[in-house]
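The structure under discussion appears below in the form of structure tokens.
The values are calculated or read from the model by the stated rules, or taken from the named source; none is laboratory data. All values derive from a computational prediction rather than experimental measurement. In this analysis, Cβ positions are derived from the backbone assuming ideal geometry, glycine residues included, and neighbour counts consider all displayed protein chains.
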Amino acid sequence: MSTSLSSKLKTLGVKVGARETAPQPAEKAKRLHRYAIENVLPGKIVGNGDGSCFVVESAYSAAYRHGHTHIHASFTLKALARWAQDERIADCARDCIVFLDTETTGLAGGTGTLPFMIGVGRFKGAEFQVAQFFMRDPADEAALLNVLREWLAPCQTLVTFNGKAFDLPIVAARYTLHRGAQPLARVAHLDLLPLARRLWRDRLASRALGSLEQHILGASRTQQDVPGWLIPSMYFDYLRSGDARPLRGIFYHNAMDILAMAALLAHVAQMLDDPLGFAVQHPVDYISMGKLFEDLGEHDIAAHAYTRGLAAELPPGSFREASRRLSYLQRKRGQHEQARALWQEAVKHGEVYAHVALAKYYEHNARDYASAERMTLDAISLVSAQSFPAQERRKVLPDLQRRLERIWRKQGTEECQR
């Protein structure tokens, strides 16, 4: 535990690193306070030989929608498993998926960060169940971890949002500190943040969960929500005062994060299950899906996704990227005429890559050396312009000059053969 956290807890009368049977002064004040957590929120105190923790449980029916997204919708995890490079995810039953989100005493992570609330969610039959394990005081951490371990027992795939970098290392560190077995050490892990960045970085300024919740899932939170940066200080205020009323907002925030992850998984899984039939919200999303499926080696799906996006109204940058990617993909698929048509259109807009691609096509496929020469000379002219980035010019220009010299040699050979 870091010095800063340890010192904060000591000022509150909490002994650190000890299993105390008798409450310290701050603990007594908190538990006897008229606004103790068990008097503020509907939950239960779960205890064992290591102490006790406070647990709030809630269930959401099969009809529940988070925004416009039905979290119980039918979907598979096949495409997500390929993207995550873990085939265990594809075979995971829905009841064995667990969503996890922590609320901590700091936002930087590390062994000195204490997860005072660990929220988890899972599908069970026709319901989606959420359980929030809350540490009424740090002396109860071992109890919380033991109770949580039992709840996590069915987990085969863990779903988080930035969990690989933040939540999972923190939870693992706490189990290690208490010399407990790691309940999540061997399960598959699907972190939705890197996937969200892949799918929406080209059209959303922020890929934070709250932004995705609003712009992708169509969900909005009530005024009860609290900003994440404020949560650590709210917990320390609670330890100092024993007044749990302000914590309602933290419980709400944590529950909404879990529901948002479940809805986001359903949305993304449906989108990747049926990339051309799913109701895509924005044409740029077709381009993002095309890039993802291209990386997965699904070239036919990628080509159709690019084509669908190009048929709509795209921002100029997205249009250029989609056209370039589709042209190269069509060449890879052996669709040379479709590729050439895309390059010829891009040449009209002064795209250097299209000049180079056409020069290659005329040289190697059509053996039209005059056209290859013209395209290469036009590319050299574009690259030599003062407005062209100098670093890129130094990289591209030597290749173009070598290409031109080779074409001239081939032209000379052809003339001699005549």
Which one is modelled with the highest pLDDT, of the residues in segment 142-158 that are touching a Phe, Trp or Tyr at 6+ places or on another chain (Cβ under 9 Å) and under 28 Å from Lys78 (Cα atoms)? Leu158
Out of segment 364-401, which residues are farther than 20 Å from Lys348 by Cα, of a type in the set (D, E, K, R) and part of a helix (DSSP H, G or I)? Glu392, Arg393, Arg394, Lys395, Asp399
For Ser206, the lone unmet condition from (1) modelled with pLDDT of 95 or more; (2) buried (at least 16 other Cβ atoms within 10 Å of the Cβ) is (2)
Those residues that are in contact (Cβ under 8 Å) with a residue 24 or more places away in the chain and among the small types (Gly, Ala, Ser), I need them from segment 264-282; list them, please. Ala266, Ala269
Which is buried (at least 23 other Cβ atoms within 10 Å of the Cβ) and polar (S, T, N, Q), of Gln182, Gln132? Gln132
All but one of (1) in contact (Cβ under 8 Å) with a residue 12 or more places away in the chain; (2) in a helix (DSSP H, G or I); (3) of a type outside the set (Asp, Glu); (4) more than 17 Å from Val40 (Cα to Cα) hold for Gly249; which doesn't? (4)
Being under 15 Å from Trp408 (Cα atoms), modelled with pLDDT of 95 or more and of a type outside the set (Lys, Arg), is that true of even one residue in segment 344-359? yes
Could you list, ordered by first residue, the pairs with Cβ atoms under 8 Å in which the first is in segment 205-218 and β-branched (Val, Ile, Thr) and the second is assigned to a helix (DSSP H, G or I) and surrounded by 17 or more Cβ atoms within 10 Å (Cβ to Cβ), at least 6 apart or interchain? Ile216/Trp200; Ile216/Leu264; Ile216/His267
Given the condition surrounded by fewer than 21 Cβ atoms within 10 Å (Cβ to Cβ), under 15 Å from the mean Cα position of the chain (by Cα) and under 22 Å from His253 (Cβ atoms), answer yes or no: does some residue in segment 109-123 qualify? no
Subset of segment 91-105 (residues that are in a loop (DSSP other than H, G, I, E, B) and of a type in the set (A, V, I, L, M)): Ala93
Please list, ordered by first then second residue, the pairs with beta carbon atoms under 8 Å, 6 or more apart or interchain, first in segment 375-389 and assigned by TED's automatic domain parsing to the domain that holds Tyr361, second exposed (fewer than 15 other Cβ atoms within 10 Å of the Cβ) and polar (S, T, N, Q). Ile380/Gln401
Is it the case that segment 33-44 has a residue that's at pLDDT 95 or above, assigned to a strand (DSSP E or B) and under 30 Å from Arg198 (Cβ atoms)? no
Hey, does segment 114-130 have a residue that's out of contact with any helix residue (DSSP H, G or I) (no Cβ under 6 Å at 6 or more places or on another chain), part of a helix (DSSP H, G or I), in the same structural domain as Ala73 (by TED's automatic domain parsing) and under 30 Å from Ser61 (Cβ atoms)? no
Only one of Arg82, Arg19, Arg88 is part of a loop (DSSP other than H, G, I, E, B), modelled with pLDDT of 95 or more and among the basic types (Lys, Arg). Can you tell me which? Arg88
Result of the Cβ filter at 8 Å on segment 75-100, keeping first residues that are closer than 18 Å to Ala153 by Cβ and partners that are loosely packed, with under 15 Cβ neighbours inside 10 Å and not hydroxyl-bearing (Ser, Thr, Tyr), at least 6 apart or interchain, is Asp95/Lys124; Asp95/Gly125; Asp95/Pro154; Cys96/Pro154; Val98/Pro154
If I go through segment 362-380 residue by residue, how many of them are of a type in the set (Gly, Ala, Ser) and surrounded by fewer than 13 Cβ atoms within 10 Å (Cβ to Cβ)? 1
Look at Arg174 and say whether it is assigned to a helix (DSSP H, G or I) and basic (Lys, Arg). yes
Tell me yes or no: at least one residue of segment 134-141 is assigned to a strand (DSSP E or B), touching a residue at least 12 places away in the same chain (Cβ under 8 Å) and in the same structural domain as Gly43 (by TED's automatic domain parsing). yes
Anything in segment 204-246 that is closer than 30 Å to Ile287 by Cα, in a loop (DSSP other than H, G, I, E, B) and small (Gly, Ala, Ser)? List them, or say none. Ala205, Ser206, Ala208, Gly218, Ala219, Ser220
Tell me the residue from Ala322, Ala359, Ala346 that is surrounded by 20 or more Cβ atoms within 10 Å (Cβ to Cβ), within 21 Å of His299 (Cα to Cα) and among the hydrophobic types (A, V, I, L, M, F, W, C), please. Ala322
